[in-house]
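The values are calculated or read from the model by the stated rules, or taken from the named source; none is laboratory data. These figures come from a predicted structure and were not determined experimentally. Cβ placement follows ideal geometry from the backbone for every residue including glycine, while neighbour counts extend to all protein chains displayed. The protein model used for the area step is the full one, side chains on, heavy atoms only, and it has no ligands, DNA or RNA in it. Shrake-Rupley method; radii C 1.70, N 1.55, O 1.52, S 1.80 Å.
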Amino acid sequence: MSGLEEHCRRLERMYHGAPINEQIFRPAIRVSEGRAEVTVTVRPALHHAAHAVHGSVYFKSLDDAAFFAVNSVVPDVFVLTVSFNIVLLRPIAEGVMTSEGRLVHQSRTLFVAESTLLNSEGKQLGRGSGTFVRSTIPLDEKVGYR
């Protein structure tokens, strides 16, 4: 396994080890260089009062995909979301949501990533874009694991 592949698998393990993901969202993730895909199976626990997925789930899915697309190219430290904008396009009440994130710009200190949220028919549910920076938190076994 190459260094990049090992780093991407480590990021995936980190993501799955986060308590919010284990207990609430139960997502799947796949990370590759400059890309990440987050998949969430819709269930009633993710609904708002009108019986569709709450916007916070859209945000988390879009931000997570963009974040991990960025962190895939930063092997030594945790990146931080500085800002993230979303556009909600249509509701979803059942099925599967997949957020596809990709790194679109990087400089020495700033990263920009975009993500698209799709339903299982490939229709867009939402879009997001964010800016990210390197933190001083080492990306080691303590990050993401309890």
### Message
If I go through segment 52-85 residue by residue, how many of them are touching a helix residue (DSSP H, G or I) at 6+ places or on another chain (Cβ under 8 Å) and open to solvent by 60 Å² or more (accessible area, probe 1.4 Å)?
### Response
2
### Message
Cβ contacts < 9 Å: first residue open to solvent by 70 Å² or more (accessible area, probe 1.4 Å), restricted to segment 1-25; second residue of a type in the set (D, E, K, R), any location; separation 6+ or different chain. Result?
### Response
MET1/ARG9; HIS16/GLU22; ILE20/LYS60
### Message
Which pairs turn up if I take residues in segment 72-98 that are under 24 Å from THR41 (Cα atoms) and look for partners that are of a type in the set (Lys, Arg) and loosely packed, with under 14 Cβ neighbours inside 10 Å with beta carbon separation below 8 Å, at least 6 apart in sequence or on another chain?
### Response
ARG90/LYS123
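So which residues in segment 51-63 are under 17 Å from ASN119 (Cβ atoms) and in contact (Cβ under 8 Å) with a residue 12 or more places away in the chain?
Initial filter on segment 51-63 (under 17 Å from ASN119 (Cβ atoms)): 51-55, 57-62.
Listed by number, the residues that qualify are HIS51, ALA52, VAL53, GLY55, VAL57, TYR58, PHE59, LYS60, SER61, LEU62.
If only one of PHE68, PHE59, PHE78 is outside any loop (DSSP other than H, G, I, E, B) and modelled with pLDDT under 95, which one is it? Please lay out each step first, then the result.
Values: PHE68 fails: modelled with pLDDT under 95; PHE59 fails: modelled with pLDDT under 95.
Within the list PHE68, PHE59, PHE78, the selection yields PHE78.
Kindly indicate which of ARG102, ARG10, ARG108 is of a type in the set (Lys, Arg) and assigned to a loop (DSSP other than H, G, I, E, B). Spell out the reasoning first.
Details: ARG102 fails: assigned to a loop (DSSP other than H, G, I, E, B); ARG10 fails: assigned to a loop (DSSP other than H, G, I, E, B).
Residue meeting the stated conditions: ARG108.
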### Message
I'd like the full set of residues that are without any contact (Cβ under 8 Å) to a residue 24 or more places away in the chain and either open to solvent by less than 40 Å² (accessible area, probe 1.4 Å) or touching a strand residue (DSSP E or B) at 6+ places or on another chain (Cβ under 7 Å) (or both), limited to segment 118-136.
### Response
LEU118
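Can you work out which of the residues in segment 34-49 that are aliphatic (A, V, I, L, M) and without any contact (Cβ under 8 Å) to a residue 40 or more places away in the chain is least open to solvent (accessible area, probe 1.4 Å)?
Keep residues of segment 34-49 that are aliphatic (A, V, I, L, M), which gives 36, 38, 40, 42, 45-46, 49.
Imposing the further condition that a residue be without any contact (Cβ under 8 Å) to a residue 40 or more places away in the chain reduces the set to 45-46, 49.
Values: ALA45: 83, LEU46: 7, ALA49: 99 Å².
Out of the qualifying residues, it is LEU46.
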